[in-house]
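FYI, it's all coordinate maths here, none of it is from the lab. Computed from a predicted structure; not experimentally measured. We place every Cβ from the backbone using ideal geometry, glycine too, and count neighbours over all the protein chains shown.
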Amino acid sequence: MVSRVIPVSSFDLVLFGATGDLAQRKIWPGLFHRFLAGQFDEQSRILGVSRSEHTREAFQARVQKAIAEEAENADDVARFLELVDYISLDATGERGWEQLAGAVRDGVVRAFYLSVAPRFFGPIARRLQQSGVATADSRIVVEKPFGHDLDSAKALNAELSECFEEHQIYRIDHYLGKETVQNLMALRFANSLFEPLWNSSHIDHVQITVAESLSVDGRGEYYDQSGAMRDMVQNHLMQLLCLTAMEPPSKFTPNAVRDEKVKVIEALEAVPVKDIARGQYEASGDQGSYREHAGNEDSTTESFVAMKVDVANWRWAGTPFYLRTGKCLRRRMSEISVHFRAPPHMIFPGTETPQGNVLVIRLQPDEGMTLHTTIKDPGPGGMRLTEASLDMTFADSLKGSEQPQDAYERLIMDVIRGDQTLFMRGDEVEAAWSWADPIIAGWTDRNMKPQPYDVGSSGPEDALLLMHRDGRRWRAIGS
Ligand code: BG6
């Protein structure tokens, strides 16, 4: 298999928050990686912007540090750093804006990446507009958290749309940039094998798990205001649910895809409290408890949540989607598993009806797909059945071609191309909050406390019961 790099037009990318954590970990390495792949040329420029004062050289030295892992060839590094410049700017004051206006060029794509706290989205968008730095075809990129609830998301949308048209706004959910997430769409809509079976007549249930082994240590203050529901479910798991459940769009265009996703969110039933398990990790060994990491001894914020979600439409009525995510679990593992119904009638005497087939779409760590099937137990002894899996690890199938890109690098190149397919539309974000808000309000109103669970486990007991009650089982998080 050969993967092709399709070059993008030359651009000026203005990166607000250029010295922040996300920029250091993801954005600079991603841009360098794309540069090495030849996806953009030396006419492009990346302008780092932040409040602190740095000379161009000192800033370039920081960038060099951020890309150190990728930097094998000093010449490549030097060529890349040539494209990098720095402006010290006060997002809410006067300093730096004139310099920025003088620095951006005509005739190239202009993109503004706001890797800053959401309270700065509105002020920066306004200044970009007022100072004439933003043009009618400039793009603005914003990061999550996109709001804390429906009202704050609406307020952010309103602030942005005062200054930019919806087709200029790129709301990042980095899960949409993951290779396997897009493969889910390819699997469903570029193959004829699965789609006829992709409904409640053939699928018993779907499980979506995003398990993390990391704690919230180091970002407890942010996380405690958010919890697993706001941090992961309202956005990342919701996107996975939408792509699994949506109708085939008539074409692969941004609005056709996003229209279908919005319809899924609007079809979600309210989730009753009895269909939700909430957990919080306890201290174990030298690992502190959630409450210690959050710096809040009385915290009732959840670091784990599992729930049963019903999609009330013709395709899915009667097929629940079980969502589960949490910190400090046994292992880092993200997957979507589609559990097909068992065969309706068993023709082989003396054998039990086998389990239905399970299609597992693995997002991480080892991206790929596995189809669990039932086959004849090899050898003599009559018709005995056993389970076997058809396994496809993408890293093996893609040997020899370019390694899959990190989500951020793909998404940034899509911004330059002007392709919004993998970005969330304003109404989509609001629809997701409209669904999530009553769930969160239910916990607050009842003063509900999360159930404790051990670090390195699969989450609290209630999550297991949620499945057992329905006569089903979660797939294991690690062996
Ligand atoms: C972020 C969340 O959006 O996604 C983090 O804020 C989480 O809490 C992270 O750890 C998970 O991303 P990934 O790509 O590592 O699965």
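The percentage of C-alpha pairs in the chain whose separation is greater than 27 Å is 60%.
The spread of Cα positions in the stretch 182-283, taken along each principal axis and listed from longest to shortest, comes to 49, 30, 25 Å.
Could you grab the relative contact order for the stretch 366-479? Cα pairs under 8 Å, six or more apart, rounded to a whole percent.
Relative contact order comes out at 13 percent.
Ranking ALA103, GLN60, SER115 by Cα position along the charge dipole of the stretch 59-122, where only Lys, Arg, Asp and Glu carry charges on their C-beta atoms, puts SER115 farthest toward the positive end.
For ASP259, what is the net charge nearby, where nearby means another residue's Cβ is under 15 Å from its Cβ and Lys, Arg count +1, Asp, Glu -1? Before the final figure, lay out the partial values.
Working: positive: LYS251, ARG258, LYS261, LYS263, ARG425; negative: GLU166, GLU247, GLU260, GLU266, ASP427, GLU428, GLU430.
Here the count lands on -2.
Extent of the stretch 20-66 along its three principal axes (Cα atoms, max minus min coordinate, largest first): 31, 22, 15 Å.
State, to one decimal in nm, how far the label point of ALA155 lies from the label point of ALA441, with both points 7 Å from Cα in the Cβ direction. Simple spin-label model gives 1.7 nm for this pair. Between the beta carbons of GLN129 and ASP419, assuming R0 = 22 Å, the FRET efficiency works out to 0.40 to the nearest 0.05. When only the Cβ of Lys, Arg, Asp and Glu is charged (+1, +1, -1, -1), the dipole of the stretch 160-250 relative to its Cα centre reaches about 240 debye. When the alpha carbon gyration tensor of the stretch 1-43 is reduced to an equivalent ellipsoid, its three semi-axes come out at 22, 14, 7 angstrom, largest first. Summarising the overall dimensions of the stretch 249-338 from its C-alpha atoms, the Rg and Dmax are 17.8, 53 angstrom. Evaluate the Debye formula for the stretch 306-353 with equal point scatterers sitting on the alpha carbons, no solvent, and hand back log10 of I(q)/I(0) at q = 0.20 Å⁻¹, in q order, two decimals. Summing over Cα pairs of the stretch 306-353 leads to -0.85.
Seen from every direction in turn and averaged, the convex hull around the alpha carbons of the stretch 157-209 projects onto 6.1 nm². Each 10 Å bin from zero up to the one holding the largest Cα-Cα distance in the stretch 20-150 carries the following percent of pairs: 11, 41, 36, 11, 1.
Expressed per residue, the C-alpha convex hull volume of the stretch 343-479 stands at 242 Å³.
In the P(r) worked out for the stretch 220-275, what percent of Cα pairs fall beyond 18 Å? Everything past 18 Å amounts to 46 percent.
Going by C-beta contacts inside 10 Å, put ASP75, ASP414 in order with the fewest on the left.
Neighbour counts put them in this order, fewest first: ASP75, ASP414.
Legend: calculated FRET efficiency, ARG315 to HIS345, from the Cβ-Cβ distance at R0 = 30 Å, rounded to 0.05, equals 0.75.
For the stretch 1-94, trypsin sites (Lys or Arg not before Pro) meeting the loop criterion (DSSP other than H, G, I, E, B) and having at most 13 other Cβ atoms within 10 Å: ARG4.
Restricting the count to DSSP beta bridges whose residues both fall in the chain, what percent are antiparallel, rounded to a multiple of 5? Approximately 55 percent, going by the DSSP bridge assignments.
Using the structure shown, select from LYS263/LYS449; LYS26/LYS154; LYS251/LYS327; LYS26/LYS274; LYS308/LYS449; LYS274/LYS376 the pairs with a Cα to Cα distance greater than 30 angstrom. Those over the limit are LYS263/LYS449; LYS251/LYS327; LYS26/LYS274; LYS274/LYS376. The equivalent ellipsoid that matches the C-alpha gyration tensor of the stretch 1-79 spans semi-axes of 22, 14, 12 angstrom, in descending order.
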